[in-house]
Structures are given as C-alpha cells and as structure tokens.
Protein chains: 2
Amino acid sequence: MSLIVQKYGGSSVADAESVKRVARRIVDTKKAGHQVVVVVSAMGDTTDELLDLAEQVSPLPPARELDMLLTAGERISMAVLAMAIHDLGAEARSYTGSQAGLITDSAHGAARIIDVTPGRIQEALDSGAIPIVAGFQGVAQDTKDITTLGRGGSDTTAVALAAALNAEVCEIYTDVDGVFSADPRVVPAARQVPQITYEEMLELAAVGAKVLHLRCVEYARRFDLPIHVRSSFSDRTGTLVLSPEAIQAAIAEGTAMEQPIISGVAADVNDAKITVVSVPDQPGRAASIFRTLADANINLDMIVQNVSLASTGRTDVTFTCPQGSAAAAMQALDAKRDQIGYEDLLVDDQVAKVSLVGAGMRSHPGVSATFFDALAEAGINVEMISTSEIRISVVTRVDDAKKAVQALHTAFGLDADGEAVVYAGTGR
Amino acid sequence: MSLIVQKYGGSSVADAESVKRVARRIVDTKKAGHQVVVVVSAMGDTTDELLDLAEQVSPLPPARELDMLLTAGERISMAVLAMAIHDLGAEARSYTGSQAGLITDSAHGAARIIDVTPGRIQEALDSGAIPIVAGFQGVAQDTKDITTLGRGGSDTTAVALAAALNAEVCEIYTDVDGVFSADPRVVPAARQVPQITYEEMLELAAVGAKVLHLRCVEYARRFDLPIHVRSSFSDRTGTLVLSPEAIQAAIAEGTAMEQPIISGVAADVNDAKITVVSVPDQPGRAASIFRTLADANINLDMIVQNVSLASTGRTDVTFTCPQGSAAAAMQALDAKRDQIGYEDLLVDDQVAKVSLVGAGMRSHPGVSATFFDALAEAGINVEMISTSEIRISVVTRVDDAKKAVQALHTAFGLDADGEAVVYAGTGR
C-alpha cells in the first residue's frame, strides 16, 4: 500500500463547500487503496484577516506572538477538514505542526525545519486513520515556542513530512492545473508543463513563478521526492517535479514526453534596483557594501559592478532586492556612507526581472542569442543581466515585462499552438 | 510582590479597542508592583462563529476535532493581547493551555483538570514577563490530544492556575460590576453583593446565575482561593468570593460589611419538567428510572415523587433536567417502558426554577415562611420544591418567573432602596 501526502492550499479550502469537496477527494484516494496524509493551509483569506487584526492592535507585533496568532488559521482548517472527512464515514485526526513533529529553529516567521519526528502521524496511519496536519507551522527545538515557516510554508511541511514518512509522492493541490510555461494571465497561449526537474523548478520559484515555494523544492530535491502539482478543482494530471534521472527514465519507458529545452518564462515585478554611485574602486569597498546589507538582513538578488573608469578610479555597484527591503537597504547604506565612500544612492522600483528557465540550455549554446534577439526585436532595453547554468535573467522597465515574457515565450516555441523546442533526452 | 491572576472574558476582548483597554489595565496592575498572569477567553463571538463553521461541514462533528477547532479562538485572543501589551512597552508571552501545563482527562468538550504544571508560566514570571494563557483548554494526559473544559471553562483555568501558582487572588473580569442579588434586567433595584461565600456562589451558579462557572467556584473553594468578580469596564471593586471564615475575619477587621441572610434570588428558565406517570410503587422501580437516565448521561436537577395512592399502588415521579436533554431523556425512558412499567410520560418546558440563596438561612428558620408567603401573595403557583441547607428552589410556570424573583427580592429586603436583612456574622 503506497503512501501519498496531499497538500491543499487556502484556495482549495476557502469555504465549507470547498472543504467538503477536498474531503471527498481525500476519501476517494484512501478508497483507491492508498494511505493518505493531508497537509492543509489556512482557509481562504484567514491569514490576511489575522494579520489585519494584529495590525489593529500593534504596528510592530513581536514575531513570537504573530506566529502564535497565524497558526490559529491552520488549526481551524485542519479541524474542519477532519470533521468533513468524518462526515463521509472515514476516520480523520488533525495534528498541529508541533504534534506532527515538525521541529524547527526559532526564527519566528521564517523558521527552518531541522527535524521531522512524525511518530503520532505514523501511529494514526497504522490505526487506519487519515492524519490531517497543519501546514506552515512547527515548534522550536530550543524554546518550545510555536513557529511558522513563512508564506508558502505549507508546501514545505508537506514535502518534509512526505520525506520523513517515505511517501511515494507529495501531491500539491492548488487552483491551477500545474506548472505553466508562463503566467497564463500574461501569455494566454502558455502551456502546462508535464514534467520539470527540481533545478528548473527552483529557478522558476526564485524568479517569481508562484506555484511552488522555493524551500519546498529544495527539500524535495534533497530527498529525491517526487512532487505532483495539480488542481483540486479537476482530476487532470498536473506537473511532476522530478530528478533529471527520473525524467529520463520516464521518457525511456515512454511514460513521459521528451523535455523541451526551455521549461518556462517568468517575470518578477517585486524587486527594486539600487545603485551605489561612484564607489572608490579599491579592495574591500564592494565587500563593505555587501557586509552592510547582510547585517541588515537584506536578501540580494542580482548584482552588477560597472567597469571602473581609469580616469576616476571609481565604479558603480547596482543590485536588486525585494521592494519591501529597499528602504531598509537604503537606510543601512546611508549609515555607512563615509566608510564605503560612495557619492550617491539611487533607488528604482519601476523594474522587472524577466527570466527564461530550462535545463536544456546547458547543452544548447544558441539559447542566449535567441533570448537577446527576441528582446531586441521587441524593442526592450536590458538594464542588468544575470545567468545561471539553466537560467537567463534580465532587468527591464516594469512596463516592458509583459511584452518581454510574450516575446520570449513565442521565440522559444512555447506557445500552445506552436512547436516547443525539444531535446532528445539523451544527456542531462 | 503579590501574584494576581486576571481572567478576561470574551466580552472584555471583543475587538481591537477592547483588547487595548484590557492591555492597559494589565500593564497598570504590573506597574502597581504586582506579578500578573492573564487568562483570556476567545474574542467576542468567535466561539459561536467557529461552531457555525463546524455545523456547515458536519452535523455531528467528532468531539476531538471540535475541541481542536474551538481552541483556535483563545489562540487568537491571547496572541493579540500579548501584542497589545508589547505595544505598551511591557513584555508579554502567550501560552496555550497545553504549554501552560493544564493537564486534563480526555473527555472532549467537558474535560476536567487533573493536574496543573505551570513550569513555563513560572519561568516567564521569573523573567519579568506577563504570561497570557489561553482559557478553556488543556491537553489530555493519556492521549496528548487538545481538550476543552466546556462553556465558561476559562474561569476554571484562571482559578486552577491561581491555585497552582499560589496567587493572592484570582480576578474574574466580566461586563458587569460583580455578583448581584438578582438579575438587574429582571429586578432593576438589584444590588451588588460585596462578598459572598463559595457555597452561596455554588448554589447561585447551579440555579442559573451566570456570573461564575460552577467548577471554577468548586476549585476555588477546594484551594480556599479568593475570587474577585469585577467589571473590565470600570475600576470599581466588585464581589469577593471567599470562605465563611475569611468573610468573618474581614467583618471583624471592619474591612467588610455584615453579611445579609440572603445573598440573592435567581431564575433558571432552561430546564424542562418530565413526569413519569403511574409507576408501580414497588422497590426498584424508581431506581430503574434513574439508572436509565444516568446511562443516557442526563443530569437531573429536582426530583419529586408523589405520595402513592393506596387504592392503585401507583405513584408519579417528576424530575427536571436541562431542556437540551429532555428529548434524550424521553427517548431513554420510552425504551425502558415495559421494564419500568409506567403508564405515560409527560414533558413540559414552560417551567422556571426560582431560587433563593443565602448562607444565613441555616440559622434563620423563618426564611421558608417568608419565601412561600411572598409567592402566595404574588399569586404564583408552586409546582415542585427542593431545598438545600442554604437554598430554596421552586418550579413555577415560566411566565411567573419574573414576578416571583421580584416578589422575593422585595420580601427579603434586597432592593437597593430597601434594607437588607443582615445577621450579626458571629456564627456560620
């Protein structure tokens, strides 16, 4: 009997009717002969409503208490879901993150899972019950305080539990049919991707595709655990997130189609671009910029340093960071102005990061050329460039983001009515 | 430094503004030099809203899951209250019932506290913080499942914690100024009772006065812990619930007024009266009635058996029980009709139980006479009578309840403009 972990997001359990529909799906899975462990997020807008309430009481609530507050959301959804399953004649028992053994560090609001001890979940399974586990939450190993894993953390809960329980697959249910080659609201011709590697999914998550949480994919990759992203509103097969080896094996078996070179195109409009103008081009100056930002807990994304002009001995350092961190970054750099020795600080939040992701680009050197040709033909100016082995990202004006994504989607043959560029699936 | 446990009910923390007001009061208590532990109920109508949600999903939800669901209510209020206190510059930390060491049996929905191990609360106090504890909830010793103590259970949480922490007093904050000699909505001249014994408070709680939960008073009596019932909307002194000895000591010291013979009058309109008609007057027949009801978990209140008529050898047995249990009681008795041998079953929910409570009636034999005279003068028919050492209760038509309470309140001089009958406070 195989074990399946199913994770349902807030939109899948938004109201009593949705909860009943999800309960039916869970019971059907069990009746089909599987063991099922369910991870559930807070219902609909509950988390936002709780954040609103906190804001009414305190402009800057302590993180420990915010975690205590927010975890009430999953407590409600998991209990109600267990009731709905019970009402269908199956036995379900709800467990908090703490009860399910989700042990984390004590970084409230963004805790990391450091151990999973699902003894009570295994007992529930052994007794024939369906355990319903609160997503997004855990308990700190040292303080025993309740923690949350940050937005989207329920995906990570599901994958971590699936790994600890040796599940066959972790099904992530959402309100779309899976991972798409681009945001269908931007590119109506976007196609659903049948399978994708962990690495590609990581790159897509990092560049703004919101289907899966970054940490959840990292976790799945570490344990080589298959993720199946699918819709809770249909029975269609969604997108499988797998290791390259598993994908090759599936292609060899004929159970998967060949992989296209490019998996998807994404745009992220939530970054700000900050330029530190005219920094002395001396050893240690750039380092002091990044030390300052690290001390202020700013997550940097792209970083570019201009070629220094011999005439001035000075250079500009430009980086991107989340818009929400931009003010803190400016403040931190301003406080170290004399030490760093720059002349000016510029911030620009009218930028977008447009990215192309595909494991196939490793072995296809023409990808970059096609990429920049497509943007040039669409008349889009590129302000920064950053690449990884399987990703190309550029910063453009925010107003150009949509046009850029559409141009790239078409150029790489990703449009549903076009022909995707595929590779033979022989190498990685 | 004295330790005070303060309990705030749902009406005291109904919205963000109320939460801030309560936070101010807590911080003021701390600033006045006390250690403070706070127990809080769910905000306003949260519990009812959660019950509504459960009902939408399942007509008969499992008790374990209902407890999991309902405990989300205090989780929200305690976290928000901790935030509000933090915002005033004091340190507060919220704790679930489980974290605070409220160990119960596993009777979901009506769990009993079997141990209190407030190690984390004591640590928080030692570090100078204000612990905020979720009322109404605990953790089952054997199953480790989350339990609730039943409606009004937050009072019990507060008293149990106060006893375990050796607090000086347990302050129960509510939306009225304390315990009144009658419901002020029924008797506008009702006066606030400055002090009352545990026994009187128990009797009042049992007969429908809703100020304090029965179990909470039992707990306080067992540990001889003073309770101070007062309003969270004013700074007035409320009602002290104490042992008779403590009251006598206070009167001797001149810090308390003399005790009136009668503390209060109450009416309870939530009972139903059931009559088992024409039961053979043989040994064991009445016992089989009560065994049947006990097996069906029906809580009986008053029981009356008519004098048997020699001509028929049969008798009628009448009892009262909560209206919510009447259908189950009828069903259980119906199933045993042949065994008990009765002729008919009558149910009547148009009844009220009107009660007079006062420790002084022990030593004042004239109380009963005044009681029945007052009802007779008011033209009220008495259907059943039951008495304890410090209480007289009668069943009347529900339409007569208000008139009965008013008549008794006046007859015993309890009206605020009248003169209460007092005793010297020398004996018990």
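The values are calculated or read from the model by the stated rules, or taken from the named source; none is laboratory data. Note that the structure is predicted; figures quoted are calculated from it, not measured. Glycine also receives a Cβ, built like all others from the backbone with ideal geometry; neighbour counts cover every protein chain displayed.
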Are there any pairs, at least 6 apart or on different chains, whose C-beta atoms fall under 9 Å, with the first in the stretch A:303-321 and within 11 Å of residue A:277 (Cβ to Cβ) and the second modelled with pLDDT of 90 or more and basic (Lys, Arg), and if so, which?
-> A:318/A:273
Can you work out which of the residues in the stretch B:47-60 that are buried (at least 18 other Cβ atoms within 10 Å of the Cβ) and either more than 7 Å from chain A (Cβ to nearest Cβ) or not hydroxyl-bearing (Ser, Thr, Tyr) (or both) is farthest from residue B:6 (Cα to Cα)?
-> B:57
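Report, by residue number, each residue of the stretch A:274-314 that is among the hydroxyl-bearing types (Ser, Thr, Tyr) and farther than 25 Å from residue A:352 by Cβ. Break it down stepwise before answering.
Residues of the stretch A:274-314 that are among the hydroxyl-bearing types (Ser, Thr, Tyr), as a first pass: A:275, A:278, A:288, A:292, A:308, A:311-312.
Across the stretch A:274-314, the qualifying residues are A:278, A:288, A:292, A:308, A:311, A:312.
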Could you pull out the residue among A:63, A:124 that is more than 10 Å from every other protein chain (Cβ to nearest Cβ) and over 26 Å from the mean Cα position of the chain (by Cα)?
-> A:124
Restricting the stretch A:320-372 to residues that are within 21 Å of residue A:295 (Cβ to Cβ) and polar (S, T, N, Q), the residue that is surrounded by the most Cβ atoms within 10 Å (Cβ to Cβ) = A:320
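Please go through the stretch A:252-277 and give me each residue that is in a strand (DSSP E or B), of a type in the set (Val, Ile, Thr) and under 21 Å from the mean Cα position of the chain (by Cα), ordered by number. Even if it seems obvious, please write down each step before you answer.
Step one: filter the stretch A:252-277 for residues in a strand (DSSP E or B), giving A:260, A:264-268, A:271-277.
Those still in the list that are of a type in the set (Val, Ile, Thr) too: A:265, A:274-277.
Residue satisfying the conditions is A:265 alone.
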Considering residues of the stretch B:87-103 that are more than 26 Å from the chain's Cα centre (by Cα) and surrounded by fewer than 23 Cβ atoms within 10 Å (Cβ to Cβ) only, the residue farthest from residue B:21 (Cα to Cα) | B:91
When you scan the stretch A:332-377, how many residues do you find that are outside any helix (DSSP H, G or I), out of contact with any Asp or Glu (no Cβ under 8 Å at 6 or more places or on another chain) and small (Gly, Ala, Ser)?
-> 2
Pairs where the first residue, in the stretch A:383-409, is surrounded by 20 or more Cβ atoms within 10 Å (Cβ to Cβ) and the second is of a type in the set (Asp, Glu) and part of a strand (DSSP E or B), C-beta under 8 Å, 6+ apart | A:395/A:271
Name the residue, out of B:111, B:82, that is surrounded by 18 or more Cβ atoms within 10 Å (Cβ to Cβ), of a type in the set (A, V, I, L, M), within 12 Å of another protein chain (Cβ to nearest Cβ) and touching a residue at least 24 places away in the same chain (Cβ under 8 Å).
-> B:82
In the stretch A:145-166, residue farthest from residue A:117 (Cα to Cα) [restricted to those that are among the aliphatic types (A, V, I, L, M) and surrounded by fewer than 24 Cβ atoms within 10 Å (Cβ to Cβ)] | A:163
Might you check whether a residue that is in contact (Cβ under 8 Å) with a residue 60 or more places away in the chain and on the phi > 0 side of the Ramachandran plot occurs anywhere in the stretch A:137-144?
-> no
Answer residue from the stretch B:14-33, given it is away from chain A (no Cβ under 14 Å) and free of Cβ contacts under 8 Å to residues at least 60 places away in the same chain and is surrounded by the fewest Cβ atoms within 10 Å (Cβ to Cβ) among those = B:33
Is there a residue being in contact with a Ser or Thr (Cβ under 6 Å, 6 or more places away or on another chain) and among the charged types (D, E, K, R) anywhere in the stretch B:80-101?
-> yes
Please give the helices (runs of 4 or more DSSP H) falling wholly within the stretch B:136-251 in which 3 or more residues are modelled with pLDDT under 90 and either farther than 23 Å from residue B:1 by Cβ or of a type in the set (A, V, I, L, M) (or both).
-> B:198-206
Picked from the stretch A:223-272 (must be touching a residue at least 40 places away in the same chain (Cβ under 8 Å) and among the charged types (D, E, K, R)), the residue nearest to residue A:195 (Cα to Cα) is A:258
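Can you find a residue in the stretch A:168-182 that is among the polar types (S, T, N, Q), more than 14 Å from chain B (Cβ to nearest Cβ) and over 28 Å from residue A:258 (Cβ atoms)? Even if it seems obvious, please write down each step before you answer.
First pass over the stretch A:168-182, keeping only residues among the polar types (S, T, N, Q): A:174, A:181.
Add one more test, that the residue is more than 14 Å from chain B (Cβ to nearest Cβ), and what stays is A:174, A:181.
Adding the requirement that they be over 28 Å from residue A:258 (Cβ atoms) leaves none.
No, the stretch A:168-182 contains no residue that is among the polar types (S, T, N, Q), more than 14 Å from chain B (Cβ to nearest Cβ) and over 28 Å from residue A:258 (Cβ atoms).
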